[in-house]
Every structure is written in C-alpha cells, then in structure tokens.
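Visitor: I am attaching a structure below and will ask some questions about it afterwards.
The values are calculated or read from the model by the stated rules, or taken from the named source; none is laboratory data. What you see is a predicted model; the values in this text were computed from it and never measured. Quick reminder, even Gly has a Cβ in these numbers, built from the backbone with ideal geometry, and neighbours come from all protein chains shown. The protein model used for the area step is the full one, side chains on, heavy atoms only, and it has no ligands, DNA or RNA in it. Shrake-Rupley method; radii C 1.70, N 1.55, O 1.52, S 1.80 Å.
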Amino acid sequence: MKEGEWMQTCNLCTTTTPIIPEGYLYLKVRQSELKQKVLDLTYHCKMKVNSKNEVVSAYFSDWQQLERIVSMTQSSLLDDEIDQIEGSICDCHQDVYSFDYIPLTQLTLRVMNPELLRVIDDRLFHSLMQPIVYADTESIYGYEFLLRPKSQLYTFIPGELFAFAHHTGLQAKLDSDARIQSIRTGSLMLEKGIKRFINFLSSSISEPEHCLKSTFQAVKDYRVDPEDLVFEVVETERVLNINHLKEIFHEYRKFGMKVALDDIGARFSTLEVLRELQPNYAKVDKHLVRNCHQDTAKLEQIMKIHDEAKIIGTEIIAEGVETAEEWEAIKAYVDFGQGFFFGKPIKTPIKRG
C-alpha cells in the first residue's frame, strides 16, 4: 500500500497489533494540551500527521519508524499523561473511532518486541509432551503438554512469552490458543485413555462460562474424550481469589474434565489451598523433590501432602524427578512421577508395550 491509498475494508484493525511494513498509528488523547504534545512529537519524527477531535493519526513508512515514535512518546511524557493515551495500529485509513484502542503502555511493549508479538499473533508455537508415569509400574499414565517454539526464526522462553503477554493484554489470547493447540496435538498423537495434562492461567479466564467456550468447542471438534483431559492451573502462587478458581474448576468438571493444582509445597500453594480446592490431582513442587533423599524435612513435607491428599481423594504427582535416588525416596508417597528421570518433553509419544 502506498501512502495516500486507502483500503475499502480491513481485517487487521484489531488489538493484536499486526506486524505490518507500513501503516497508521492512531493515538487517542483525552486532553487538548496533551494532544498538542503528542502532535509535536510526531512532527519531530517527521511523520505525516492528521488530527480529528481527540485522535492523532500518524503515517509510518516502516516498523523502525513506528518504534521510534512510540518509544519517544512513552519516554517523553509523565506517567499520568501516559495513562490518558490509548493507541491502535492499522494498515488502512478508516473512521478513527472504529478501531479497538489499548493503553499506550501495552501498545509500546508490543511495538518494541515484534518477535514475541509475531509468535503470539501467528501462533508460532507447538506442544511437546512430557510423560507422567504410574508410581508402581512406571508405565505411561499421561503427558503434560508444554509450549515450545515452532520456528527457529522466532524462538522464546515460555515464561518470558507469557510475561510479555501478561503486560501487553495478550495473555487471554495466548493462553486460549495454547490450550487449543494442546488439545489438537493430543487428538493426533495419543490414543484414548491416555491423560492429557494441559496448563492454564486462571487470571486469563475472567468469566469461565464465556472464556472457556473455545476450549470446549475444540474438544468437540477434535473428538477428544473429556475424561482424558486434565486442566492444570500453573500460577498457584499468584491465585488471590480462591472462589474464582473454584468457578473455573467447576466449569471444567461440568464438562466431564479433571483439574489439577500445581506446585504444592511452594510458598503460596499450601495444604490449606489443597483442602479448599480439592482438585483431582496435585503436583508436588519440584523444589521439594530435588535432593529429597538427602533432606529429612522435605520428605516429611511430602508425607504430609500425601496424607492430606488421601483424605480428600486427590492423587499426587511428583514433578521434577531427575534421579533414581529421588524417586526411590518418594515413590511410596505419590501416585505418579514426572521429570527428566522418566523422559524429557518430546514431539511423539512413547510407544507402549
């Protein structure tokens, strides 16, 4: 698209901030004096600028120019001024009020991290599977699905990708897409009866009945037995609203699925939380498992978790098992094991028999 040529329709005007070679930055400013500051900044960057009511639109010829203007805007204004600005990006020029606007801080982070933005926007990730085994026979019980880069050109560390998504308003999208990717992979790779442990972030599910519709639809579309699915909350240490998590668990269970609690024994994931939520499964925190054969206090804590779990009917998984010594020390107190001792995350499942 050349400067001055407008498209009649546009499928890119969304808050996902698509990466485009050229287009328009729209800044909605609520205060007239602040709007003049924004205009001065765009003029300083030698951008073609239009102004309509409270919206400033600036044409950028390449992504680097866009990076310069959003970075300069963010760094040149006071925090309370930044809070009064929202932005949007598009490759067309339509009614400036028809776009979805997001906070300037979120928009800046997206623009300054195009590789991570591309990963989320184009779903450049896939699911690897780490085996979970029975404690008594060490045969395969199920797999946990773990997000990994799909393209060597767009690599990422999963924790950093989710942190970026959290700070840019893209967490719900990433979390949902990752769940659906895991469901699809499991349907293609695993036979019926093998459990599929799929992670989710409770903070990305604001209204369980509404937010989980796409997940449940994927279960139907890929013809997965709900009984084979276990949805595992992976941010237990940050769960501030137990009642909200209960609602999410209830929604999963309503559709015949199981739920799991991660990191039992960590700082905030206590026995009280376990009693309150009563999940189908609970994972012993890997830091408790590490070198537990040399630490009496760790073993005693794992025993307490085992005793409490038996009372409420929760099955226990020891995650992060790396050595035979660790496994020998704890396998009598858990139902399942997971970790490098049994297998690293893999693309295809281990053949049984």
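Visitor: I'd like the distance separating the alpha-carbon centroids of region 199-261 and region 134-165, in whole Å.
Guide: 18 Å
Visitor: Continuing with the same structure: Please name which of MET47, ASN199, ILE183 has its Cα lying farthest along the dipole of the chain towards the positive end, using unit charges on Cβ (Lys, Arg +1; Asp, Glu -1) and the Cα centre as origin.
Guide: Most positive-ward Cα: ILE183.
Visitor: Turning to a different aspect of this structure: Multiplying the sequence separation of GLU227 and ILE350 by 0.36 nm and subtracting their Cα-Cα distance, what value in nm do you get? Write out the running numbers ahead of the final one.
Guide: Values: separation 123, 0.36 × 123 = 44.28 nm, distance 2.08 nm.
Full extension of this stretch gives 42.2 nm more.
Visitor: Would you compute, from DSSP H runs of 4+ residues alone, the mean residue ellipticity of the chain at 222 nm, taking -39500 (n - 2.57) per run and dividing by the full residue count, rounded to the nearest 500? Show your work: numbers first, answer last.
Guide: Values: 14 runs with 138 residues, N = 353.
Mean residue ellipticity at 222 nm (helix-derived): -11500 deg cm²/dmol.
Visitor: Okay, next question. Using only the Cα atoms of region 53-191, each taken as one equal point scatterer with no solvent, compute I(q) by the Debye sum, divide by I(0), and report log10 of the ratio at q = 0.14, 0.18, 0.21 Å⁻¹.
Guide: With no solvent term, the Cα-only Debye profile gives -0.77, -1.08, -1.30.
Visitor: Along the positive direction of the dipole of the chain (beta-carbon charges: Lys, Arg +1; Asp, Glu -1; about the Cα centre), which of ASN243, SER71, ILE140 reaches farthest?
Guide: After comparing all options, I get ILE140.
Visitor: Given a 1.4 Å probe and every protein chain left where it sits, what share in percent of the accessible area of the chain is carbon and sulfur?
Guide: Details: 8310 of 17240 Å².
Percent of accessible area from carbon and sulfur atoms in the chain: 48.
Visitor: Could you tell me which GluC sites (Glu not before Pro) in region 147-237 are loop residues by DSSP with no more than 12 other beta carbons within 10 angstrom of their beta carbon? Could the numbers behind the result be given before it?
Guide: Values: sites: GLU160, GLU191, GLU209, GLU227, GLU232, GLU235, GLU237; in loops: GLU191, GLU235.
Those satisfying the criteria are GLU191.
Visitor: Which residues' amide hydrogens lie under 5 Å from the amide hydrogen of HIS126, considering only partners 5 or more residues apart or on another chain, with H built in the peptide plane?
Guide: Placed amide hydrogens put ARG148, LYS150 under 5 Å from HIS126.
Visitor: Go through LYS258/LYS310; LYS213/LYS246; LYS283/LYS304; LYS286/LYS331; LYS254/LYS304 and tell me which ones have a Cα-Cα distance over 23 Å in this structure.
Guide: Details: LYS258/LYS310 17 Å; LYS213/LYS246 17 Å; LYS283/LYS304 13 Å; LYS286/LYS331 14 Å; LYS254/LYS304 30 Å.
Exceeds cut-off: LYS254/LYS304.
Visitor: Within region 97-117, what residues put their amide N at less than 11 Å from the label point 7 Å along the Cα-to-Cβ vector of LYS213?
Guide: Of the residues in region 97-117, none has backbone N under 11 Å from the label point off LYS213.
Visitor: Continuing with this model, one more query. For region 35-46, just list the computed ³J(HN,Hα) in residue order, Karplus coefficients 6.51, -1.76 and 1.60, θ = phi - 60°, integers in Hz, with x standing in for Gly and Pro.
Guide: Each residue's phi maps through the Karplus curve to give 4, 5, 4, 5, 4, 4, 5, 5, 5, 4, 7, 6 Hz.
Visitor: Under the Karplus relation 6.51 cos²θ - 1.76 cosθ + 1.60, θ = phi - 60°, what is the ordered set of whole-Hz ³J(HN,Hα) values for region 317-323, x standing for Gly and Pro?
Guide: 10, 8, 9, x, 6, 10, 10
Visitor: Using a 1.4 Å probe, what is the accessible area per residue for the chain, in Å²? Please report the intermediate quantities before stating the final value.
Guide: Values: 17240 Å² over 353 residues.
Solvent-accessible surface per residue comes out at 49 Å².
Visitor: Can you give me the Kirkwood hydrodynamic radius for the chain, using every pair of distinct Cα atoms, in Å to one decimal? Mind showing how you got there, number by number?
Guide: Working: mean 1/r = 0.0441 Å⁻¹.
One over the average 1/r among Cα pairs gives 22.7 Å for the chain.
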